[in-house]
Amino acid sequence: MRQILLVVGGKVMQKFIARRLLSVIPVVFVVSVVIFTLLKMVPGSPAAAMLGDLATADDIAALEAKMGLDRPLVEQYFIWIGNMLHGDFGMSVVGNETVASVVFSHVKPTISLTLYALVIATVIAIPMGMLAARKKGTGADHAATVVSLAGISLPSFLFGLFLMLIFAVKLRIFPVSGYVEMSRGLWPHIRSLTLPAIALGFMNAALMMRMTRSTLLEVLGSDYIRMAKAKGVRNVALVAKHALKNSLVTIITMIGQSAVQMLAGAAVVESLFAIPGLGQLMVNSIGRRDYYVIQAIVLLIALFNVLINIVVDLLYGVADPRVRAA
Amino acid sequence: MKSKKLKRFLALVLSAALLLSACSSPSGTESSAGSAPAENAKYRETLHIAVTQQAPSLDLHKNSSLIARQICDGTVWEKLVTLNSKAEAVPELAEKYEATNDGKTLTFTLRKGVLFHDGSEMTADDVVASMNRWIEGFSSAGEMVGDARFVKVDDHTVKIDGASSLILLPAMIAGAAQPASITTAEACKNEDANGFLKDYIGTGPYRFVEWKQDQYIKLERFDKYSAYGTKGKEMDGWSGYKAAPTKVLEFDIVADQATESAGLEAGQYDAAFNVPYDDFARLQSNPNLTTVSSQMGTVALIPNHKQGIASKQWFRTAVNTALDYDELLAATFGKGYELGSSYMDAGQPFWKSDAGSESYNQKDPEKAKKILADNGYKGETFTILVATLNKMDNMGIAIKSQLEKIGIPVKLTVVDWATLTDYRKDPAKFDMYITSFAEVPVPSLKLYFGPKYPGWSDDEKLSKLFKGMTSAPTLEEAKTKWDELQGYSWEYLPIMMPGHYMGMFAWQKNLTGVNMYSGGPKFWNAGIVES
């Protein structure tokens, strides 16, 4: 904690954070133009999705006019941006709900699922990576390699189905699907997210394990490690205290990348386990051409990306004093 | 030592295999209006019903989404008339209705003392507002009644005067894909910016409570529901006493069908809509489940009558002659289909017709080749547009394979559903597209008979026969006209109709009283008795 405060509290670091936050503005602008243009190029209309198959062309055109979709594209873009700056993100085509409300209700499950999956991934990956590096070439190393290859090769939906069959359908330890909000109890909330978090976290654990192992092996080959070993430092302390510290920068980078990937790309796992998260919302919204929702999600993910990178950069300073000094 | 370890390992594997294997013994199937709830029994408070789709709105006047009416029609909202087991329109919110001899005027006498979910009593003003809103939102109703609208006669009587016969209107009110739901006049005025209802207020046995997008729709029993019919008696189709023994109906949105089946088997869900065909056999053999399959609608191959190769009658005839419909349906639905040349489904026995059946499912490629040769077919590419929705792309692949065998090169354009609804507006983009239609109570609701619906069937004889049917003064005369129309349709081919697709539903064995009359399960009298 002291180190974190040292990092964040410094004036130089505050300027750094402010600069990075300001960089969100051009990122959001570019992303908004790209996503708006791409969506308008895709055939299909939200009006047709709202009215259903029996609607005539006249019905659809009338609703499109009501929704302002018959206006010039540039006008539509600026109306959207102008409304957003006033806090109005538009209406979803589903259920007469505002985009802000829909996205907010879907971001909570995704954040919970991502954090839980990250914890699982980290708890599996780092000890296994350390073990594999310490016991390089032994049976333990080979077993870890096989597990990591399985994690990388096995699609998350297949692994998820397997978990569902064993732990939900047969053993009935966890629910098959569905999401329980934290307001209804911490344990039911965690229980509803356990199987999807394992399905999502396992693949990331495999990747992180491989990277942890290779980074540790590189560090374990350094001169200072050899010196420490010569001085009689035990193997466990050597890896856990000396080598791991110097591998933290790589590990933090991987965790950051995994977090972004999970936030944006958990659609398959969310659909499988009926978790009403951002990924599933995005897929459903694309299918029904819910333009405002899609645009809001993309901007939100861009924002998450920038924020997570800022946090990762700050954590570099915590993990490595040389970065702080620089 | 090694052999001991091996034996132990094999034992573990065997245990795991036994753990994973399902018990297997046959289970029954049923299809009915469901038994009446037991008197004085204590029912479980909440039923969890898994559904795989989500409607854009629950405003039934303005959207034809199947899942919206499966959840809400007759449950949250009721109608002036509803369908009995013979698909006849019988009174529900109306006490009775009468038609003049020429069928041009319909008068509905309303039941008295019927309460809405907001506590107000239903009057003619509410019915007039609701019915006219329905007409304006549902183009098929608008085409049937023309400029005619419902008017109030007195506080409990409404009528509609048409320029031509409205004899088919009651059936349309009773069973249209956009239900003629009755809500309050106030609710009709309180629309959102896109013209959809903001408040879901009906007279049904359940009131709308909450809708969490991508999670669930919750309905709760309306304790002041004004029931009709005889308590304790089994319903006749959708008509009769709705006891609502279960307090809360929660429709859980589960996007993945495999997850839905797994949840049903694990007991997390009490019922499931649209279980996948691949899982149905396994669920049927589960002794803890009841499984039901029911015709839900027809598949339609809609040729482009406006331009291109399919606008030629001989080409359409050749394609229809060549296609093996059994194979097409099997490729798409597995075992979840039924063959049959009748354009109307099993749920509408009155309209069943065998007219034109000699042209159905001929699967005669040699005859088709001869038709093509006799008419100088030059090998033009036939473009088929299909969506990935409900595995319809499998049908496209099967059609391509069959037609290429008779020398028709096929270009298959596979898109998502939203793109298909856009592309089919442009006659330059396809020669035929594949879609499906949910069952409808009357044939006049089949949109493809008109020149406006994509496919653009613009034929004088077809129009004349259609008009003859819709303006018939009696149902029997309308049926006679329908036979002629269907017979001619198998000749002209406004669509090619491979057959009927089935919906598969399943629920826990201890869930009783499910109404499976038509269009999916209803839970008005359903519940699980607590032991």
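Within the span defined as region B:81-90, every residue fails to be in contact with a Lys or Arg (Cβ under 6 Å, 6 or more places away or on another chain) and in contact (Cβ under 8 Å) with a residue 12 or more places away in the chain. For region B:344-361, does any single residue satisfy the condition of being closer than 20 Å to B:ASP459 by Cβ, part of a strand (DSSP E or B) and under 26 Å from the mean Cα position of the chain (by Cα)? Taking every residue of region B:344-361 in turn, none turns out to be closer than 20 Å to B:ASP459 by Cβ, part of a strand (DSSP E or B) and under 26 Å from the mean Cα position of the chain (by Cα).
Within region B:184-232, if we keep just the residues that are more than 22 Å from the chain's Cα centre (by Cα) and of a type in the set (Val, Ile, Thr), the residue that is farthest from A:GLY279 (Cα to Cα) turns out to be B:THR230.
Entry remark, region B:279-288: residues being away from chain A (no Cβ under 13 Å) and not in a loop (DSSP other than H, G, I, E, B) number 3 in total. Of the helices (runs of 4 or more DSSP H) that lie entirely inside region A:257-325, those containing 1 or more residues that are more than 14 Å from chain B (Cβ to nearest Cβ), under 30 Å from B:VAL51 (Cα atoms) and free of Cβ contacts under 8 Å to residues at least 60 places away in the same chain span A:291-319. Every condition in (1) surrounded by 19 or more Cβ atoms within 10 Å (Cβ to Cβ); (2) closer than 30 Å to A:LEU163 by Cα holds for A:LEU315 except the one numbered (2).
Evaluation of A:ALA133 against the conditions (1) more than 11 Å from chain B (Cβ to nearest Cβ); (2) more than 21 Å from A:GLY256 (Cα to Cα); (3) surrounded by fewer than 17 Cβ atoms within 10 Å (Cβ to Cβ) shows that the sole unmet condition is (3).
Taking region B:132-141 as the search range and keeping residues that are among the polar types (S, T, N, Q) and either part of a loop (DSSP other than H, G, I, E, B) or within 14 Å of chain A (Cβ to nearest Cβ) (or both), which one is surrounded by the most Cβ atoms within 10 Å (Cβ to Cβ)?
Here the residue is B:SER140.
The number of residues in region B:481-510 being within 12 Å of B:GLY356 (Cβ to Cβ) and part of a helix (DSSP H, G or I) comes to 11. Residues that are of a type in the set (Lys, Arg) and surrounded by fewer than 21 Cβ atoms within 10 Å (Cβ to Cβ) occur in region A:238-251; there is at least one. A:VAL233 passes every criterion in (1) closer than 29 Å to B:GLU265 by Cβ; (2) more than 14 Å from chain B (Cβ to nearest Cβ); (3) assigned to a loop (DSSP other than H, G, I, E, B) apart from (1).
Restricting attention to region B:56-96, the residues that are of a type in the set (A, V, I, L, M, F, W, C), within 25 Å of B:MET344 (Cβ to Cβ) and within 14 Å of chain A (Cβ to nearest Cβ) add up to 6.
Among the residues of region A:173-180, are any surrounded by 21 or more Cβ atoms within 10 Å (Cβ to Cβ), polar (S, T, N, Q), touching a helix residue (DSSP H, G or I) at 6+ places or on another chain (Cβ under 6 Å) and assigned to a helix (DSSP H, G or I)? So far as region A:173-180 goes, no, none of its residues is surrounded by 21 or more Cβ atoms within 10 Å (Cβ to Cβ), polar (S, T, N, Q), touching a helix residue (DSSP H, G or I) at 6+ places or on another chain (Cβ under 6 Å) and assigned to a helix (DSSP H, G or I). Checked against the criteria, A:PHE104 does not count as away from chain B (no Cβ under 14 Å) and free of Cβ contacts under 8 Å to residues at least 12 places away in the same chain.
Among residues of region A:59-88 that are away from chain B (no Cβ under 12 Å), those with a beta-carbon under 7 Å from a residue that is loosely packed, with under 14 Cβ neighbours inside 10 Å at least six positions away or on a different chain give the pairs A:LEU73/A:LYS40; A:GLN76/A:GLY68; A:ILE79/A:GLY68.
The number of residues in region B:296-314 that are buried (at least 23 other Cβ atoms within 10 Å of the Cβ) and part of a helix (DSSP H, G or I) comes to 1. Might you check whether a residue that is at pLDDT 90 or above and surrounded by 20 or more Cβ atoms within 10 Å (Cβ to Cβ) occurs anywhere in region A:92-101? Yes, some residue in region A:92-101 is at pLDDT 90 or above and surrounded by 20 or more Cβ atoms within 10 Å (Cβ to Cβ). The lone criterion from (1) in contact with a Pro (Cβ under 9 Å, 6 or more places away or on another chain); (2) closer than 21 Å to B:VAL529 by Cβ; (3) away from chain A (no Cβ under 12 Å); (4) not small (Gly, Ala, Ser) left unmet by B:PHE273 is number (2). Of the residues making up region A:34-57, just one is within 7 Å of chain B (Cβ to nearest Cβ), surrounded by fewer than 20 Cβ atoms within 10 Å (Cβ to Cβ) and either in contact (Cβ under 8 Å) with a residue 24 or more places away in the chain or not in a loop (DSSP other than H, G, I, E, B) (or both), namely A:ALA57.
Residues of region B:142-151 that are surrounded by 16 or more Cβ atoms within 10 Å (Cβ to Cβ) and in contact with a strand residue (DSSP E or B) (Cβ under 9 Å, 6 or more places away or on another chain): B:VAL145, B:ALA148, B:PHE150.
Residues that are closer than 15 Å to A:LEU131 by Cβ and crowded, with 17+ Cβ neighbours inside 10 Å within region A:194-216 comprise A:ALA205, A:ALA206, A:MET208, A:MET209, A:ARG210, A:MET211, A:THR212, A:ARG213, A:THR215, A:LEU216, listed in sequence order. Quick one: is A:LEU118 free of Cβ contacts under 8 Å to residues at least 24 places away in the same chain and either in contact with a Lys or Arg (Cβ under 6 Å, 6 or more places away or on another chain) or crowded, with 17+ Cβ neighbours inside 10 Å (or both)? In short, no.
The values are calculated or read from the model by the stated rules, or taken from the named source; none is laboratory data. These numbers come from a predicted model, not from an experiment. Glycine gets a Cβ as well: all are built from the backbone with ideal geometry, and neighbour counts include every protein chain shown.
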